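Please read the structure below before turning to the comments.
The values are calculated or read from the model by the stated rules, or taken from the named source; none is laboratory data. The structure presented is a predicted model; accordingly, all values stated were derived computationally and were not measured. Glycine gets a Cβ as well: all are built from the backbone with ideal geometry, and neighbour counts include every protein chain shown. Accessible surface is based on the protein model in full, side chains and every heavy atom, while ligands, DNA and RNA are left aside. Shrake-Rupley method; radii C 1.70, N 1.55, O 1.52, S 1.80 Å.
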Amino acid sequence: MVRGEVCLASFLKHLFIACGERRCAMQTCWLVSGDSRHEPIALPDGTTVVVGRCRLTRIKDTRCSRQQISVQAMYSKRVVLIKQLGVNPTSIETVELGHHGEAELRPGQTLHVVNASYPMHVEFRGPASPPPSTLASASASASALAPAPTTSPSGRPSHLPKRAWHSPSGSDSQAGSIRKFLKFVGGKDRAKDNSPSVSPTKGNAQKSPTGQRGQPAHWSQSLRDAMDDPSVQIFRDDQVVVILDKFPKARHHWLVLPWRFVANVGVLRADHLPLLRHMHDVAERLSRQVQPLGAATAPPTFRLGYHAIPSMSRIHMHVISQDFDSPRLKTKKHWNSFTTGYFIDSEVVMRMVEEDGRVVIPEDTAELLKKPLQCHMCHREISTIPKLKEHLGTHKL
Ligand code: AMP
Ligand code: ZN
């Protein structure tokens, strides 16, 4: 690892060597101060540079660690990967990375090194090398999110780990998008729909995922494997990981899972409150970054919460947009699990734990899945799922 003191001479040496090899005009990359505090800091391609309270940045503020962030330029993608090493917050635009959180910084975005201070941005100078065709194709397939300062051209919030954001476009589902992406990068199709029914009881004819050491794990354990899979992670820090729901029931449907094992909402106690608050904050931050489908459309609204009786092991918060526009939403159980009291808002869960010391699930909760279909917007009863979907179109969600 190169410490913050990457000197210009060594950078030019890199350039010289690279130029000699490629015999072409070279691209360079610089971390530029937004308040003219310091000279631009050279970022050689693929080299990790550690930046913080140091001579290069002229930052003397002790809230800034000497090794506050690591910075790695990726010339082919014209992005810079930032990782927060210090304890105080580093942010890109308004989004804090979190301790050990990573994010991509793109030209035009502002990085604040610590506590919303010391603005910097990145500048690529010289001709760009063409992006790898796989990634170019993948982002072309994921264009639903309007470009915004805080989103990458692929629609992935720019603070999210690379290769981890897969946005649905128009009629394309989240699963379809990830399938295309994985096809491009030669991965296997993870998005084959073997979605469990909501009830943990009967009818779960699942393919068992393979457990550790080749032992078949029960399907209900498969979230643990997904947590470690970078291709479905959209955010992670030292407490939680956010993954794409494998069978999304709306345009945007993610799961927030703590690394620490917590079985389900039933075991929550007061000492879980800081974790629950953190899960909620992360979910809110991510959902606020999703852009509207089109200029005339409002930004999507989300609900954050838990199924009262989950089918999958270990606690997971659903973050789901309220359009419910997904071919994966097929049954009355699916619908009722997100639109009745079966879905408990994260705020309610936190309040119950705070006030009553735990979450109490009413005995007849499972019955809620059998309720007649009712529009969650206008509360009109509708007889079938296809009719309900048609009706949802009238709400322009
Ligand atoms: P529940 O346990 O009822 O709260 O819901 C479990 C959620 O996990 C459902 O929304 C499923 O679509 C989703 N799911 C099931 N298997 C996986 C997996 N391997 N990776 C990601 N999401 C999954
Ligand atoms: Zn309605």
Point to revise | Approximate spin-label separation THR62-MET26, in nm, with each point projected 7 Å along Cα-to-Cβ | key: 4.1 nm
Practice item. For SER76 and GLN374, compute 0.36 nm times the residue count separating them, minus their Cα-Cα distance, and round to one decimal in nm. Key: 102.3 nm
Check your understanding: Zone of LYS332 (label point 7 Å along Cα→Cβ, backbone N under 13 Å): which residues in region 348-374?
Key -> 367-374
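Report, to one decimal in Å, the Kirkwood hydrodynamic radius for region 249-375 based on all distinct Cα pairs.
Details: mean 1/r = 0.0650 Å⁻¹.
The Cα-based Kirkwood calculation yields 15.4 Å.
For region 60-126, would you read off the P(r) tail past 13 Å as a percentage of all alpha carbon pairs? Walk me through the numbers on the way to the answer.
Working: 1291 of 2211 pairs.
Of all Cα-Cα pairs in region 60-126, 58 percent lie more than 13 Å apart.
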Revision key, fill the gap. ARG358 and GLU123 label points (each 7 Å along its Cα→Cβ direction) are spaced in nm at 6.1 nm
Review point. Taking R0 as 25 Å, what's the FRET efficiency between ALA270 and HIS100 from their Cβ-Cβ distance, rounded to 0.05?
Key: 0.40
Exercise for review: Can you tell me how much longer the chain between ALA263 and THR365 gets when fully stretched, taken as 0.36 nm per residue apart minus their C-alpha distance, in nm with one decimal?
Suggested key: 34.8 nm
Study note, to complete from the structure: Using a 1.4 Å probe on heavy atoms of the protein chains only, the accessible area for LEU43 in Å², nearest 10, reads 0 Å²
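What's the ranking of 66-78, 26-38 by average number of surrounding C-beta atoms within 10 Å, highest first? Please list the in-between numbers first.
Numbers: 66-78: 19.8, 26-38: 16.3.
Final packing ranking: 66-78, 26-38.
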